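No lab work stands behind these numbers, since they all come straight from the coordinates. Since the model is a prediction, treat every value here as computed from it, not as a measurement. Virtual Cβ from ideal backbone geometry, glycine too; neighbours counted across all protein chains shown.
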Amino acid sequence: MTPPAKPAGTSGGFGQVVSKVPSRFLPVIATFVVFVATFGVGSARYEGFASGQVMANLFIDNAFLIVLAVGMTFVILTGGIDLSVGSVVALSTMIAAAALQAGWPAWLVVIVVLAAGSGLGLAMGWVIHRFGVQPFIVTLAGMFLARGLCFVISVESVSIKNPTFRDLATGSIELPGGVTITYGVVIALVVVIAAMYVLHLTRFGRTVYAVGGSESSARLMGLSTTRVKIGVYVISGFCSALGGLLFSLYMLSGYSLHAVGMELDAIAAVVVGGSLLSGGVGFVIGSVVGVLVLGTIQTLISFEGTLSSWWTKIVIGALLLAFIALQRIIVRKT
Amino acid sequence: MKNRLLWPVLALVALLVLNVVVTPSFFSLRLQDGHLYGSVIDILRNGAPTLLIALGMTLVIATRGIDLSVGAVAAIAGAVTCTYIASGGDPWIGMGIALLLCAVLGLWNGFLVSVLGIQPIIATLVLMTAGRGIAMLITEGQIITVDSPTYREVGAGFLVLPIAILISLAVLGLVALVTRRTALGLLIESVGVNPSASRLAGVKSRTIIWTVYVFAAVCAGIAGLMISSNVSAADANSAGLWIEMDAILAVVIGGTSLAGGRYSLTGTLLGALIIQTLTTTVYTVGIAPEITLVFKAIVVIAVCLMQAPIRIRVRQGVPA
């Protein structure tokens, strides 16, 4: 497919300043500009929009989506796709709620949920790699499986009454300036930093980019492509499970119909964040800003009040289109 | 060819046998007021929209593409028609407008893929996300109910057999005739194998890609009409939700490779029947409807793993 964007500067076109920036950073910068612009529009239109707390709320309301987008970034960097994340989130909330109701200790529940998500990811990665079935189909089956297992556990919504979970959910951390954030935000930020470390400073991370660029070349170079190809699905499964735990803190319930279609939000965030779906190009930080852009649009629409919720979908679609077009221009220039 | 269809056929037969064992009257049909009724007819009728969308999807996938937007397009078609009828318009004109709009949406998808060269999965993701928003914009977030006997015929009418399935089978016959009796099918496959090589060989690959996306969108539009006419209402939120996934599954189960370059219409028919039979089986066998999805996941994985080329690859120990 499209070759990974090379770090060489573009010759002309975008102007002197832009040509000094390596073109692989351009999409991320563009995402950041869009984020600042949408936030700026909000600040200009509504009093109280440009406050630290609105910013913090962006993180609080989207902590789980950030974690999902980080996992999805790994998969998409290798040129794969994971459609199961939304269902795994629902399954995680369901397992957590059901196990807590049965009186399991909170730490055990967390371990079980994370193990279940990673295990499902491992199974999907193994089938994709070993049998050469398309990731799209395997993770689609995984999506059905996880969603189905939710219904097996319970059809009803199960509320979470465990004191540890309640404390974690309602607890807040005071930041300077009177801004408060939740523990979920801290966890999400830790995940982002860990992901950036793994992607850029470890052999595994470099192999992820190599596999996304050209799998056969990576294998011929002696890189452990098998480990990476399966590993990214384990990471995505783990992130989905963790996202599910954060989501269960956010909703304080487990429900089979939680997070329907969230995989599309995660994919949209990654694409808006400047990653190429063909693999090899993209950054975790881009995906995080992508999530923030989507979150800002939702905040804007809720501030506007008169605009209906469907405009969110239309605007996100338009943004996706704009970023794809931008990617095409950059790829053609290099 | 036979080999490729062996596993889907076996899966379908197994499901049917299971049904007969549980309900011996499974295959019985009865004629009432000139309408055929029976479990098999139900499967056919409920599977008609999926089959129709899967047909369009087959051709798209044969060109190494994929169309995620069909569910949203189906919702738009229902929304446009119902809104038009509800405001006092003629059902036929309403359906005409809806299908015309769907063709335009197909042109849009085709433009993104063939002219701008955007990956199909992401190009159609745009419309998948925005399309449902557009459908809700048309219905203003309401569920629009209509009372039009003419419109109701499309999804719930009978001409001995349900009209919906007659439409789907007619489209299947038409596609089979047009692509397999002329060189068109071969050209579509050649575009799927290598778009630039086929262009150099004189195949108008851009036009062909454009055509298949328009066809897929129109199929989705007709399916959307069936879905909304069956309940005489347009629900922008849930009409055709996840039907793109069912359609893609039907195509893949039928032995068409997502890598493009070859397709089987018979396989798609089988795939769509398997998926619908599966859903019905879960109800008749008395498995709790909640675990339909688990069942579906298992069948999908099983059929995919059983298909011949994959097994050969495993035996040789060459990871794909």
**OP:** Please list, or write none, the aspartates and glutamates whose alpha carbon is within less than 20 Å of the alpha carbon of B:K204, excluding same-chain residues fewer than 8 places away.
**Re:** B:E189
**OP:** Tabulate in residue order the Karplus-calculated ³J(HN,Hα) for the range B:276-291, using 6.51 cos²θ - 1.76 cosθ + 1.60 with θ = phi - 60°, rounded to whole Hz; enter x for Gly and Pro.
**Re:** 6, 4, 4, 4, 5, 4, 4, 6, 5, 6, x, 5, 4, x, 4, 9
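Taking 8 Å as the Cα distance limit and 6 or more residues as the minimum spacing, I'd like the relative contact order of the range A:178-324 as a percentage. Provide the component values of the computation, followed by the final result.
Details: 104 pairs, mean separation 28.9, N = 147.
Rounded, it is 20 percent for the range A:178-324.
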Subject >> A:S224-B:L5 FRET efficiency (beta carbon distance; Förster radius 51 Å; 0.05 resolution) >> reply: 0.85
Subject >> Rg over Rh, two decimals, the protein assembly as shown (C-alpha only, Kirkwood Rh) >> reply: 0.96
**OP:** Please give the calculated 222 nm ellipticity per residue for the protein assembly as shown, where each DSSP H segment of at least 4 residues contributes -39500 (n - 2.57) and the sum is spread over every residue; nearest 500 deg cm²/dmol?
**Re:** -24000 deg cm²/dmol
Original post:
Gaussian network model of chain B, Cα springs within a sub-10 Å range: biggest mean-square fluctuation belongs to which of B:Y213, B:Y263, B:Y84?
Top reply: B:Y84
Original post:
What are the ³J(HN,Hα) values, in whole Hz, obtained from phi via the Karplus relation 6.51 cos²θ - 1.76 cosθ + 1.60 with θ = phi - 60°, for each residue of the range B:151-159 in sequence order, with x given for Gly and Pro?
Top reply: 5, 5, 4, 4, x, 10, x, 10, 10
Subject >> For A:L175, residues with placed amide H under 5 Å, excluding near neighbours >> reply: A:T180, A:I181
Subject >> Estimated FRET transfer efficiency when R0 is 25 angstrom, pair B:V193-A:S217 (beta carbons, to 0.05) >> reply: 0.65
Subject >> Neighbour-count ranking [beta-carbon atoms within 10 angstrom, fewest first] of A:T296, B:T256, A:T164 >> reply: A:T164, A:T296, B:T256
Subject >> Column: log10 I(q)/I(0), Debye, Cα scatterers of chain B, q = 0.11, 0.13 Å⁻¹ >> reply: -0.70, -0.97
**OP:** Would you please state which residues of the range A:247-272 a label at A:V112 would reach in this model, taking the label point 7 Å out along Cα→Cβ and a backbone N cut-off of under 17 Å?
**Re:** A:248-249, A:253-256
Original post:
What FRET efficiency do you get for B:A302 and B:A170 if R0 is 22 Å and r is their Cβ-Cβ distance, rounded to the nearest 0.05?
Top reply: 0.10
Original post:
Amide H to amide H under 5 Å from A:L83: which residues, 5+ apart in sequence or cross-chain, H placed 1.01 Å off N in plane?
Top reply: A:T139, A:L140
Subject >> Residues listed by number, the range B:210-249, amide nitrogen under 14 Å from B:Q142 label point at 7 Å toward C-beta >> reply: B:233-236
Original post:
What nm value, rounded to one decimal, do you get for the distance between B:L100 and A:L252 when each label is placed 7 Å out toward the C-beta?
Top reply: 5.4 nm
**OP:** Kindly put A:M124, B:M226 in sequence by how many other C-beta atoms sit within 10 Å of each C-beta, fewest to most.
**Re:** B:M226, A:M124
**OP:** Express in nm, to one decimal, how much length is gained between B:N237 and B:L258 on full extension, taking 0.36 nm for each residue of separation and deducting their alpha carbon distance.
**Re:** 4.7 nm
**OP:** Starting from the range A:143-218, pick out the GluC sites (Glu not before Pro) whose DSSP state is loop and whose Cβ has at most 13 other Cβ atoms within 10 Å.
**Re:** A:E156
Subject >> For the range B:181-195, 3J(HN,Hα) per residue [Karplus equation, 6.51 cos²θ - 1.76 cosθ + 1.60, θ = phi - 60°, Hz, x = Gly/Pro] >> reply: 8, 10, 7, 4, x, 4, 5, 4, 5, 5, 5, x, 6, 7, x
